[in-house]
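These notes are about the structure you will find just below.
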Ligand SMILES: *[C@@H]1O[C@H](CO)[C@@H](O)[C@H](O)[C@H]1NC(C)=O
């Protein structure tokens, strides 16, 4: 009680203080007609070379944001269409995470917190019919319309208007293992075959392709200029407390043994990736995680990966240690703790960043888990 009282007094004191004219910040005229005032400028977004959609906060409402659509005109110039959208009630847009967050994570310095208009409105006697803000795309069951923008549901998924979301397609033989977060068998396609069904896209004109290998059957081939981009990981760690992470992959490095080659990571941004396996110059392989309590990337170095030989590489982060396994033998570990940092980066397979430090060689059977695998489990994966 006492604490609450003191807090109230100091709150009142702040507001009772005489108004001092602020000479540094000129007073802003209230907008005459806020409805037509252009409050945001989508051309200020960093779309990158190929980007079509970006997001900006709505300064007039902390619950809302703008989806900025960039269109390329025939002459190569760009036009921008802002689509106003709002988070679900009681959630707030957080620009630095590009997602809607709960009250605990909100940042409201640069926007106005709008009180819910219906706070005192009594519950309606009948439940109003749910309205789906998304639309169907005629003839394309795997797509939906979001504010006029056609978006994909992902492999084997279809849009269900009644449920207003994407669901597994009825004719897809969806036998999946929900224990694994992402799984790339590289047998029929380059897609994730876990229940997540994350879509992967090529990052450059040179494509990652499937090829036949004498030892491992059908595998993915990276030619040193190609990689896959998995957007599902983009904001994966936001609002989550991920203290365990495991990755396993079969790799065979066939070229560019002098340079750095990204195997699996989400390095695409300014800081260290949340998780990373890469082959370095010469016979070096590193694994790392970046957490909220370790500001620097922790890496395991000096592990030889033989060129032109299949090697099974795995890393396990269990909240206490990061351990690297080669052919299911622990080869190095470091003490690390904390929650894995969110980096707003897609996952790269075969590049250290989208568009640079490409891996040249083959990969097979990538497994990613949001839990710590045991040595037994790593051994099983290395036998597949
Ligand atoms: C790892 O396993 C592969 C396939 O069995 C083998 O060719 C390679 O030599 C092994 N590497 C080591 C360091 O044992």
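Structural remarks
- Residue within the range 300-309 that is in a strand (DSSP E or B), modelled with pLDDT under 95 and over 20 Å from the mean Cα position of the chain (by Cα) present: no
- Criterion: at pLDDT below 80, within 30 Å of residue 133 (Cα to Cα) and not in a strand (DSSP E or B) - qualifying residue of 196, 170: 170
- Selection count where residues are within 16 Å of the ligand (Cβ to nearest atom) and either over 30 Å from residue 97 (Cα atoms) or not assigned by TED's automatic domain parsing to the domain that holds residue 348 (or both), scope the range 199-252: 9
- Residues that are within 16 Å of the ligand (Cβ to nearest atom) and touching a residue at least 24 places away in the same chain (Cβ under 8 Å) within the range 327-369 comprise 327, 328, 330, 331, 332, 361, 362, 363, 364, 365, listed in sequence order.
The values are calculated or read from the model by the stated rules, or taken from the named source; none is laboratory data. These numbers come from a predicted model, not from an experiment. Quick reminder, even Gly has a Cβ in these numbers, built from the backbone with ideal geometry, and neighbours come from all protein chains shown.
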